[in-house]
2 protein chains.
Amino acid sequence: MDQRPIGVFDSGLGGLTAVRALCKLLPEEDIVYFGDTGRVPYGTRSRETIIKYARQDVAFLRTFDLKAIVIACGTVSTTAIEVLAEENSIPVLGVVEPAALAAAKHTKSGRIGLIGTQASIRSGAYERYIHTVNPAAQVKATACPLFVPLVENGRFRPGDIVIETVTAEYLTPLREAGVDTLVLGCTHYPLLETVIRNFMGPDVTLINAGAEGARAVAQALKDQGNLARREVPGHCRYFVSDRVEDFAQLASLFLGWDVTEDVTQVEIGIERS
Amino acid sequence: MDQRPIGVFDSGLGGLTAVRALCKLLPEEDIVYFGDTGRVPYGTRSRETIIKYARQDVAFLRTFDLKAIVIACGTVSTTAIEVLAEENSIPVLGVVEPAALAAAKHTKSGRIGLIGTQASIRSGAYERYIHTVNPAAQVKATACPLFVPLVENGRFRPGDIVIETVTAEYLTPLREAGVDTLVLGCTHYPLLETVIRNFMGPDVTLINAGAEGARAVAQALKDQGNLARREVPGHCRYFVSDRVEDFAQLASLFLGWDVTEDVTQVEIGIERS
């Protein structure tokens with residue numbers, strides 16, 4: 001048993017899809033979430049910048065006494081997990097490996113689609129994990145750089161010609177490739193689930209990276225005997241690097257409940273002289 | 001005469017529309033450009049974050065011996081110009097005042113439209129400048145948060161249903177208000193000029209904040225006798241806080257010429273311990 005909180009971070013709001021899954025799976029856990037809303041998006045940035053930001057994010061989270069850290073961000077998981085795991089004495093878990101393994105196991109045709117940010121796709125990390133389990137799998141990957149700004153501007157509803165046009169453009173090559181499984185490799189994308197499902201058709205299974213990551217964390221804590229035990233639900237605290245109001249408003253869309261009371265703004269990554 | 005370079009900065013690529021205008025007006029000037037591509041966009045961020053970033057941007061530019069600094073960013077010009085002007089011994093010039101004055105002088109109907117980022121619109125700065133010249137002017141302002149990511153993803157061409165749909169949504173209230181002048185209050189927006197002109201119709205005059213800012217700088221340097229004099233064209237150097245390749249590729253769209261050889265990546269705003 002370990003009563004310490006789980007730390008979770010993302011470039012912005014997307015990681016809340018993992019928090020939502022974690023709260024469902026492990027309602028007794030305390031969670032400390034950090035969303036780097038002052039520097040979102042990460043997915044268009046270089047490897048060096050992403051590693052630099054991720055280190056600062058973890059340094060902030062580690063001002064709390066945590067039992068594990070979840071990288072609830074496809075971009076950081078593909079790009080910086082080795083560095084972060086090596087530098088930290090507590091477990092650092094990402095969303096890429098669990099999502100890739102779920103896809104590799106699920107596919108029947110061996111044709112897997114993958115969507116993510118530019119940095120995630122460039123890294124090749126999902127493919128590497130898929131091929132460890134299923135070396136013959138064919139992975140068709142596409143970067144979707146506009147999905148994060150569109151979701152963060154509330155454009156994820158079926159019937160919106162903007163999101164539907166962009167979705168069709170990004171996903172047509174995957175549909176034509178006949179994939180039977182599609183990895184939503186960025187934690188923002190579950191908000192596009194209906195739009196993506198409508199386009200890809202009912203025969204394509206969508207793999208939600210945030211939910212798969214949460215499942216893997218729950219399993220790891222259980223295996224190690226490190227779950228918390230409480231009579232009441234655990235407490236979630238949220239920290240962001242930009243305006244609390246902007247975060248709180250959108251967070252309810254990702255989570256399905258209101259967090260306004262529990263959000264605090266913090267400084268991150270600035271010079272200390 | 002002052003041979004020192006002019007410093008120009010923006011959150012990313014948008015400020016290049018001001019550089020383009022400056023190079024045309026003052027071909028003998030040296031220019032040092034900084035684009036904070038590692039932290040773009042600024043326009044969705046809070047006032048405090050924008051001021052913090054702008055201070056770091058200026059601190060970097062001032063590692064060069066400059067004769068003036070141009071804030072080629074609508075967001076920083078609306079939000080941080082007073083702070084920056086007060087903290088610096090060389091002139092700090094923005095794009096908001098010149099663009100606002102041009103609009104206030106040009107309108108015949110007294111109905112002026114204004115588009116910009118959320119931060120720019122929230123600041124009310126354009127309206128304040130317009131009303132100093134034309135107190136009776138009615139300003140209809142709309143934030144266009146998706147324009148910057150759409151432009152940075154190359155979606156600014158007429159016929160693209162995505163940019164045309166978003167443009168129609170943002171601009172319909174301005175067209176219905178019958179404005180005769182429209183301020184493009186963000187230096188990214190001149191790339192949308194054709195799309196915006198097609199929607200607003202030929203009777204609406206578009207005011208380009210980057211070009212107006214450049215014109216004001218040229219006038220100020222001339223008035224002070226601080227223009228450079230050279231037999232050859234001045235030299236432009238570009239610094240960015242993220243990948244050089246990504247910047248160089250898009251920069252040619254903004255400038256109309258290739259800059260790959262002249263771009264350098266620098267570190268900005270990280271902790272120095």
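The values are calculated or read from the model by the stated rules, or taken from the named source; none is laboratory data. A quick note: this is a predicted structure, and the numbers were derived from the prediction, not measured. Reconstructed Cβ throughout: ideal geometry from the backbone, glycine too, with neighbour counts over all protein chains shown. Calculation scope for accessible area: heavy atoms of the full protein, side chains included, ligands and nucleic acids excluded. Shrake-Rupley method; radii C 1.70, N 1.55, O 1.52, S 1.80 Å.
Residue-wise test of (1) over 14 Å from A:Tyr189 (Cα atoms); (2) touching a residue at least 12 places away in the same chain (Cβ under 8 Å); (3) of a type in the set (Phe, Trp, Tyr).
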position: A:His106; (1), (2), (3): yes, yes, no
position: A:Ser120; (1), (2), (3): no, yes, no
position: A:Val133; (1), (2), (3): yes, yes, no
position: A:Leu146; (1), (2), (3): no, yes, no
position: A:Val151; (1), (2), (3): no, yes, no
position: A:Gly159; (1), (2), (3): yes, no, no
position: A:Glu164; (1), (2), (3): no, yes, no
Test: residue in segment B:166-173 that is at negative phi and small (Gly, Ala, Ser): yes
Unique match (being modelled with pLDDT of 95 or more, over 23 Å from A:Val266 (Cα atoms) and over 16 Å from the mean Cα position of the chain (by Cα)) among A:Leu26, A:Leu22, A:Leu66: A:Leu26
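Report yes if B:Ile268 is hydrophobic (A, V, I, L, M, F, W, C), closer than 25 Å to B:Pro145 by Cα, surrounded by fewer than 22 Cβ atoms within 10 Å (Cβ to Cβ) and within 14 Å of another protein chain (Cβ to nearest Cβ), otherwise no. If you could, list the steps in order and put the result at the bottom.
Numbers: hydrophobic (A, V, I, L, M, F, W, C): yes; closer than 25 Å to B:Pro145 by Cα: yes; surrounded by fewer than 22 Cβ atoms within 10 Å (Cβ to Cβ): yes; within 14 Å of another protein chain (Cβ to nearest Cβ): yes.
Considered against the rule, which asks whether it is hydrophobic (A, V, I, L, M, F, W, C), closer than 25 Å to B:Pro145 by Cα, surrounded by fewer than 22 Cβ atoms within 10 Å (Cβ to Cβ) and within 14 Å of another protein chain (Cβ to nearest Cβ), B:Ile268 comes out as yes.
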Selection from segment A:140-163 of residues that are over 14 Å from A:Gly12 (Cβ atoms), more than 8 Å from every other protein chain (Cβ to nearest Cβ) and hydrophobic (A, V, I, L, M, F, W, C): A:Ala141, A:Ala143, A:Cys144, A:Phe156, A:Ile163
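Determine if segment B:254-262 includes at least one residue that is in contact (Cβ under 8 Å) with a residue 60 or more places away in the chain, closer than 21 Å to B:Leu61 by Cβ, surrounded by 19 or more Cβ atoms within 10 Å (Cβ to Cβ) and not basic (Lys, Arg).
yes
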So A:Thr44, is it under 15 Å from A:Cys186 (Cα atoms), of a type in the set (Val, Ile, Thr) and either within 13 Å of chain B (Cβ to nearest Cβ) or open to solvent by 10 Å² or more (accessible area, probe 1.4 Å) (or both): yes
Out of A:Ala104, A:Ala100, A:Ala137, sole residue that is at pLDDT 95 or above and touching a His at 6+ places or on another chain (Cβ under 7 Å): A:Ala137
Residues of segment B:74-97 classified as touching a Ser or Thr at 6+ places or on another chain (Cβ under 9 Å), surrounded by fewer than 24 Cβ atoms within 10 Å (Cβ to Cβ) and of a type in the set (Gly, Ala, Ser), total: 0
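Going by what's in this entry, would A:Val179 be described as within 14 Å of chain B (Cβ to nearest Cβ) and at pLDDT 95 or above?
Against the criterion (within 14 Å of chain B (Cβ to nearest Cβ) and at pLDDT 95 or above), A:Val179 does not qualify.
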All positions within segment B:220-253 that are open to solvent by 60 Å² or more (accessible area, probe 1.4 Å), in contact with a helix residue (DSSP H, G or I) (Cβ under 9 Å, 6 or more places away or on another chain) and not in a loop (DSSP other than H, G, I, E, B): B:Arg237, B:Glu245, B:Gln249, B:Leu253
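Count, please, the residues in segment A:53-73 that happen to be among the acidic types (Asp, Glu) and either surrounded by fewer than 20 Cβ atoms within 10 Å (Cβ to Cβ) or free of Cβ contacts under 8 Å to residues at least 24 places away in the same chain (or both).
Of the residues in segment A:53-73, 1 are among the acidic types (Asp, Glu) and either surrounded by fewer than 20 Cβ atoms within 10 Å (Cβ to Cβ) or free of Cβ contacts under 8 Å to residues at least 24 places away in the same chain (or both).
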Test result for A:Leu174, in contact with a strand residue (DSSP E or B) (Cβ under 7 Å, 6 or more places away or on another chain) and either within 13 Å of chain B (Cβ to nearest Cβ) or touching a residue at least 24 places away in the same chain (Cβ under 8 Å) (or both): yes
Among (1) more than 13 Å from the chain's Cα centre (by Cα); (2) more than 14 Å from chain A (Cβ to nearest Cβ) - the single one B:Val95 does not satisfy: (1)
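Quick grid of which residues meet (1) touching a residue at least 24 places away in the same chain (Cβ under 8 Å); (2) more than 20 Å from A:Val217 (Cβ to Cβ); (3) more than 9 Å from chain B (Cβ to nearest Cβ):
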residue	(1), (2), (3)
A:Phe34	yes, no, yes
A:Thr37	yes, yes, no
A:Glu48	no, yes, no
A:Ile51	yes, yes, yes
